[in-house]
Structure formats: structure tokens, C-alpha cells
Amino acid sequence: MPLQLTRPELMCSENFIDGQWRAAVAGARYDVSDPASGAVFASVPDSGAADAADAANAAAAAFGPWRDRSARERAQLIKRWHALILANADDLARLISREQGKPLAEARGEVLYGASYVEWFAEEAVRTYGDMIPEPVRGKKLMVVKEPVGVVAAITPWNFPLAMIARKIAPALAAGCTVVAKPAEDTPLTALALVRLADDAGIPAGVINLVTASRAQTPQVVGAWLADARVRKITFTGSTAVGKSLARDSAATLKKLSLELGGNAPFIVFDDADLDAAVDGLMVSKFRNGGQTCVSPNRVYVQRAVYDAFAAKLVARVAALKVGPASDPASQIGPMINRRALDKIVEHIADALDRGGALLTGGERLHPAGAAGDTFFAPTIVGNAHHAMQLAHEETFGPVVALFPFDDEAQVIALANDTPFGLAAYFYARDIARVWRVADRLETGIVGINEGALAAEVAPFGGVKESGYGREGSRYGLDDYMHTKYLCMGGLT
Ligand code: SIN
């Protein structure tokens, strides 16, 4: 089915560099396909080092004039961008659904979610306050000012094609930085449409530059930015393996880094929890985007006394989920992004069942009506999970719940923290002393306490350990795009 947009010009198919739509220097292109059917519906430039260099040149040239605008002026332009994102929310949602596969209502939710970061950072642009420090000796004034870091390279994932790039570009612009960006290979079209709207909003040429590239070409593009001393910061959301290589390869020019990497979130249900609330929280956190979310619970620990009751309630809810293509308004779970993603799910479930897991629902590939592809998987629950299973140590990134029975608080905290990752954790309990003990001991950047929906533009999003560093959203998210400069004025006696 051709993609129908109210504004067809939002379907952009070239790089955006220095305010112009340009083909890749080498003329190469790659195809973009619908994950629900595998059908190719667009193509975009397969860029290389020369395109990345052009983008960096434009961003470097635009940096001084953008930084020198007043904060109010920058805020007004970002606000105008926000207004255009909202005005075109339906088209953006259609693009997200088509290239990423999430159901249309969820895609619309993503547009509003991403837009909330743009609005927040437009408002924060005028609040990048410094400090006066009381002088330690007479005759001096000590001041702290915040300055934009410079050109920022934003490298974004496929699971939230709009929200992730919005929450990187908006704070960069608010701080006074300019941007070179590369969206994920699978989902370039939403990012291109977003950049068109930024252009429509009057954000000057060179302030945002975006190049697209296939997986094979991505190292050329990113490598050019890593080697470029003018690129002062990399902000990346994606795998821990790639995050580590960015940290290594940016060392030569000591770039500032924000890395939002893999998770392996524990979700703990204690025996004093409100079980219905815990099931609700798990449904929200686990099945958002079909489980393809880095804060998605990967290990669900349930205290033995409530294990059977919790499992029964959960099975009833999960078995009722409707799987189908984004084009079906009844769909709650869309396709996985590609065959590789599906193969990993199948592998994790097979390993869990081999090691004594019990299949409580799901466990199979699906072929829903109206979906020609083979990227659909039934929402699945595996019971009796334990830490010798692969799914205890790797993110499954799909609609699979693994239930791990546990006996006491000390044991479950040790299990929850038994991972190199530390992005998000969730727990349900009512004993207030336990709530504080557990919240204090979980080794993650984000903790949901009796709550499954955590992310918001006003709150800091990010991890600890091998889930990365830096924060997105909130006032902390703006700090990541600025330097702290100390000014010391003497001779004042
Ligand atoms: C992610 O999966 O990387 C981000 C999810 C979110 O913003 O909640």
C-alpha cells in the first residue's frame, strides 16, 4: 500500500546539508522497507565520508552565528519547530509506523513524546544560568558561565525514530550547539521529515545536518565525525558494544560523550505488592513498542508466595494482546524490526525451554492477516526462569516475559544487580521501609517504584555501569551539551 501523507513533501529522500537537500556525493542509495511486509517503499542516500565531512563543515560554519543568537531567539525557533511537529503529528506517525512497524496509535504517542522534549528544551534554552562564587579573598570576582560544546554528532536508533533524535537535537540547539546526525539505517524517513519541519520553522542552514547511511556505510560516516576535531560531542543511543567503540575511537580528540546503551531491566514483584497494579505496570513497560525498548523489563522476579497468582493474572492479559500490522487499528503489537531480531527471540526462548523453563503462553512466530512478512511473534511468557538462561544476561528486545521465582529481598537485590547493565529497574511493594531499602540498593540510573511508565521530558533518562553515561531530558540533559567556564576577575580593590 503506498504511504498516504497529508503533506507528501514530508517524505524526503535526500540528505539535508547546509539547508539543502542533496544526494550522496558517490550517488549511492539504499532501500527502506516496511518491517510488516518486507516491501521496499522508499530509498535514501547511502552516504560516505565525503557526505559526513560536508555535514561537519556546514555545522562548524553555522556554530558561531547560532551560538551568538540570544537564548530567547533560539528558544523561539525551537518552539516553532515544536508547533510544526504537533501540526504534522499524523503524517509523522504514519512515517514511524511504516518504517518501524509500531501500531499507529502508539506511533502518534511517540510523536507527542518526542515533541515534549522539543518543547521542554525550547523552554530551558533561556535558563542556562551560571553562578557567582563568593570570593575567597577581597579584590576578585569569581563567575561560572555555561557555553555550548560546539558541533554535536547525534547517532540514533530505530526503535523510536522520532523521539530519540528529537531529544538529542533539541537540547543541542537550546544550548547553542549545531548538529550532524545519522538516523538508524532502518528508520531514516521520520528523521528526514523532522529535519524538514525544522527547516520550515526557520532554523538556519547548517544548524541541523542529517545524512543517511546503510549498516555497511555507517562506519565511514561515523568515522569521519570521530576523526574530526571540530565535532566536540557524540550523543549515541544503541548497543553497548557500539557505545564502547565510540568511547575508544573518540579518545584521540577527547570528545564529550553521552551514551544511552543496552539495558537488562529487572522488574521485581514483592509479596506485599498490589498484584493488579504490578501486572498493569508490567504490561505498560514490557509491551511498549513490542518489547523493543531499552528500558523494557527483561527479567521479572516474583516472590514465591505470590508467584502463581501473579503468573495467572499475567497470562490472561498477555494472551489477549492483539498482534498485527500497524495498518490494522486493532493491533497492539506490531512486527519486530527485522529477521535478526526475531531470530534472537527464538534463540532465547529455545535456550530457556532447554534449561527447564515452562512456556506459559505464546512462543511461536505468527502470520497475522494483512501482514505478508515473517517478523511477527506471539507475546510470550516463560516461567521458572533462572540465571543460567541466556535471557537472564542478554536483552531479548521483544515481547517475551521471563518469570524468575525468588525467596527474599537480599537474594532478589543480588540477582537484580547481577548484570553489567544498569539502565532501569522496577519494583512493586507496599512496605515503605522496604521501598526505600530496595530503591537505594538497585544499581540503575532509573527506578520505577510501583510504576511502569518512567520516561518524561522533565526527568533525567540514562544509565550507570555498561548502560552508559550522560542524561537525556530534564535540566541535566541540557548540561550534557554545555561546558562550565570559570571566569576570575582580579584587580578590583
Ligand atoms: C529507548 O528505548 O532507547 C528509549 C526508550 C524511552 O525513551 O523510554
If one computes the Cα centroid of the stretch 14-46 and of the stretch 283-338, what distance in Å separates the two points? 33
Cross-link partners among lysines for Lys182, C-alpha distance below 20 Å, same-chain residues fewer than 8 apart left out? Lys168, Lys233, Lys244, Lys255, Lys256
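Compute the relative contact order of the stretch 1-139 as a whole-number percentage, counting only Cα pairs closer than 8 Å that sit 6 or more residues apart in sequence. Working shown, then result.
On the way: 136 pairs, mean separation 30.7, N = 139.
This gives 22 percent for the stretch 1-139.
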Would you give the gap between the C-alpha center of the stretch 168-198 and the C-alpha center of the stretch 51-130, rounded to a whole Å? 7
For all pairs of alpha-carbon atoms in the stretch 332-375, what percent lies in each bin of width 10 Å, listed from the first bin to the last filled one? 25, 49, 24, 3
By what distance, in whole Å, do the Cα atoms of the stretch 404-493 stretch along each of the three principal axes, largest value first? 68, 27, 25
With contacts defined as alpha carbon pairs under 8 Å and 6 or more residues apart, what's the relative contact order of the stretch 436-493 in percent? 22
Of the listed peptides 341-353, 184-196, 21-33, what is their order by residue-averaged count of other C-beta atoms within 10 Å, with the highest listed first? 184-196, 341-353, 21-33
Any idea what Rg and Dmax come out to for the stretch 197-350 if you just take the C-alpha atoms, in Å? 21.0, 61
Over all alpha-carbon pairs of the stretch 358-426, lay out the pair-distance distribution in 10 Å bins, whole %, shortest bin first. 17, 42, 27, 11, 3
Counting only protein heavy atoms and rolling a 1.4 Å probe, one gets per residue an accessible area for the chain in Å² of 38
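To the nearest 500 deg cm²/dmol, what mean residue ellipticity at 222 nm is calculated for the chain from DSSP H runs of n ≥ 4 alone, each contributing -39,500 (n - 2.57), summed and divided by the residues?
On the way: 14 runs with 185 residues, N = 493.
One gets -12000 deg cm²/dmol as the mean residue ellipticity at 222 nm.
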Quick one: divide the alpha-carbon radius of gyration of the chain by 2.2 N^0.38 Å and tell me what you get. 1.00
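For the chain, what is the relative contact order in percent, using Cα pairs closer than 8 Å and at least 6 residues apart in sequence? Don't skip to the answer; put the middle values down first.
Values: 1160 pairs, mean separation 91.0, N = 493.
Rounded, it is 18 percent for the chain.
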Sorted largest first, the C-alpha extents of the stretch 13-81 along its principal axes in whole angstrom are 47, 29, 15
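Expressed as a whole percentage, what fraction of the accessible surface of the chain belongs to carbon and sulfur atoms when a 1.4 Å probe is rolled over the protein heavy atoms? Write out the running numbers ahead of the final one.
On the way: 10090 of 18680 Å².
Here carbon and sulfur together make up 54 percent of the probe-accessible area.
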For all pairs of alpha-carbon atoms in the stretch 164-215, what percent lies in each bin of width 5 Å, listed from the first bin to the last filled one? 5, 20, 33, 27, 12, 4, 0
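The values are calculated or read from the model by the stated rules, or taken from the named source; none is laboratory data. Since the structure is predicted, the reported quantities are computational estimates derived from the model, not experimental observations. When we count neighbours, we look across all protein chains shown, and the Cβ atoms used for this are built from the backbone with ideal geometry, even at glycine. We work out accessible area using only protein heavy atoms, side chains counted, and drop any ligands, DNA or RNA first. Shrake-Rupley method; radii C 1.70, N 1.55, O 1.52, S 1.80 Å.
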